[in-house]
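*Asks:* Here it is, the structure, as structure tokens.
Taken together, the values in this text are just the output of simple stated rules run on the coordinates, not laboratory data. What you are looking at is a predicted structure, and each value in this text was computed from that prediction instead of being measured. Cβ placement follows ideal geometry from the backbone for every residue including glycine, while neighbour counts extend to all protein chains displayed.
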Amino acid sequence: MDNETKSTLWSPLVLDIYTGFQKSQALFVTTELQLYDLLAIHQNGMTATEIANKKKLNLDATERILDYAAGLKLIKKDFKSESKTVAIYSNYPEIAEVLQSSKPNNMVAAIIHASRTQYPLYQHLMTTIKSGRNTEAYKNAFGLEMTLETFESLYETDKDYSATFLQYMHQLSSITSPGVAKSFDLSPFCEICDLGGGSGSLAYALASEYPDATVTVFDLATAVEAAQIITPDETERQKVKFVAGDFFQDEFPPAGLYTFARILHDWPDEKVHQLLNKTFKSLKSGGAVLIAELVMNETKTGPLQTLRYNVQMMIEMSGRERTETEYRLLLEQHGFVDFECKFVAGYSSFHAMIAKKP
Ligand SMILES: C[S@@+](CC[C@H](N)C(=O)[O-])C[C@H]1O[C@@H](n2cnc3c(N)ncnc32)[C@H](O)[C@@H]1O
């Protein structure tokens, strides 16, 4: 009875895409329930009854979601006896590496952020497509009047939001920060300031690559506060200085190199112009700006993850992903020269781009 007929009339590609949200939901609920943490404690596995009792869930519904999760290969389903009457659910070690919250490379905050913020906004994609703005989506999904002129309005939506968001950013940035820090020879710069540096992921990577440089993270007060919880230990923390401020309103801390990682894609061109203009003015001759972002190919036909992000930036923020040429032109308009762009391995089409003030 395990045979599954592939429909000859319905396209498997379309079928897979149209049911994709159900897979996401299976991942969201099992992550929100901390199922992978629970199964990690019970190394020999658990029955559906044990899981339902522990989490105070309906047994029949629990069995169905566990079976679907097992079908998706998120968890393993075995049987206690030959009769195959009592199922035992357990973790796959490789999946637990990313879904168990105590693991160093876990994706839990990213998934929680997708479940609580991105998914509800996606349900109102049509209103965003019609108007080109996500104001209606924020209102319909969360009852919020958002201007998105600043991140503070996002951070104020819910007290857990900033901590989860920063944690998510930290999980994502940890994949690429060491590569960004190594992408160019940054040894001529004694003072580096990571604008919107969030958890400090890139700043710590820069401090470790260039131990003689002074590295500062400049971010909103809410983010600076949340970053203190994320940063692992005191020795690491001492390598980087955190300064609270608003990069649109306040003066930048002095530096010979300013870095923007996953910042410019949050904003529309007019805001990016403000930031680049301010960066150019803040630098002395010979200073530089380093941008780390996903980069779309020139015809905007890929990579797929970057095209997805381009929609996500419209849904969540008021930004966009850009091509290498678009970044180069933005920089050149403000007087930057010697533009270079390098691929950074680790996450989709992440690139590091550098340009200098002549
Ligand atoms: C997408 S996150 C990127 C974080 C970090 N650069 C990384 O790669 O992990 C955007 C960051 O910009 C910060 N940010 C947003 N608006 C800001 C502002 N007006 N001034 C300073 N930081 C800001 C946010 O608090 C957040 O940490």
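*Asks:* How many angstrom lie between the C-alpha centres of segment 112-141 and segment 48-101?
*Replies:* Distance between centres, Cα-based: 32 Å.
*Asks:* Would you please calculate the Kirkwood hydrodynamic radius of segment 12-101 over all C-alpha pairs and express it in Å, rounded to one decimal?
*Replies:* Over segment 12-101, the inverse of the mean reciprocal pair distance is 13.6 Å.
*Asks:* Hey, what number do you get for the chain at 222 nm if only DSSP H runs of n ≥ 4 count, each worth -39500 (n - 2.57), divided across all residues, to the nearest 500?
*Replies:* -13500 deg cm²/dmol, from helical runs alone.
*Asks:* Sort segment 15-169 into rounded, prolate or oblate with this rule: let a ≥ b ≥ c be the square roots of the eigenvalues of the Cα gyration tensor; rounded if a/c is under 1.5, and if a/c is not under 1.5, prolate when a/b is larger than b/c, oblate otherwise.
*Replies:* Note, shape of segment 15-169 comes out prolate.
*Asks:* Would you be so kind as to identify which of 92, 13, 44 lies farthest towards the positive end of the dipole of segment 12-101, taking Lys and Arg as +1 and Asp and Glu as -1 on Cβ and the Cα centre as origin?
*Replies:* The residue sitting most towards the positive pole is 44.
*Asks:* Rounded to whole Å and ordered largest first, report the semi-axes of the equivalent ellipsoid of the chain derived from its Cα gyration tensor (root of 5λ).
*Replies:* Those come to 41, 24, 19 Å.
*Asks:* Here's another thing I want to ask about it. Return the inverse of the average 1/r over all pairs of distinct C-alpha atoms in segment 53-97, which is the Kirkwood hydrodynamic radius, in Å to one decimal.
*Replies:* 11.4 Å
*Asks:* Sticking with this structure for a sec: Among the DSSP beta bridges whose two residues both lie in the chain, what percent are antiparallel, rounded to the nearest 5?
*Replies:* If I count the DSSP bridges inside the chain, around 45 percent turn out antiparallel.
*Asks:* Spin-label point model (7 Å from Cα, Cβ direction): what's the residue 80 to residue 338 distance in nm?
*Replies:* 7.0 nm
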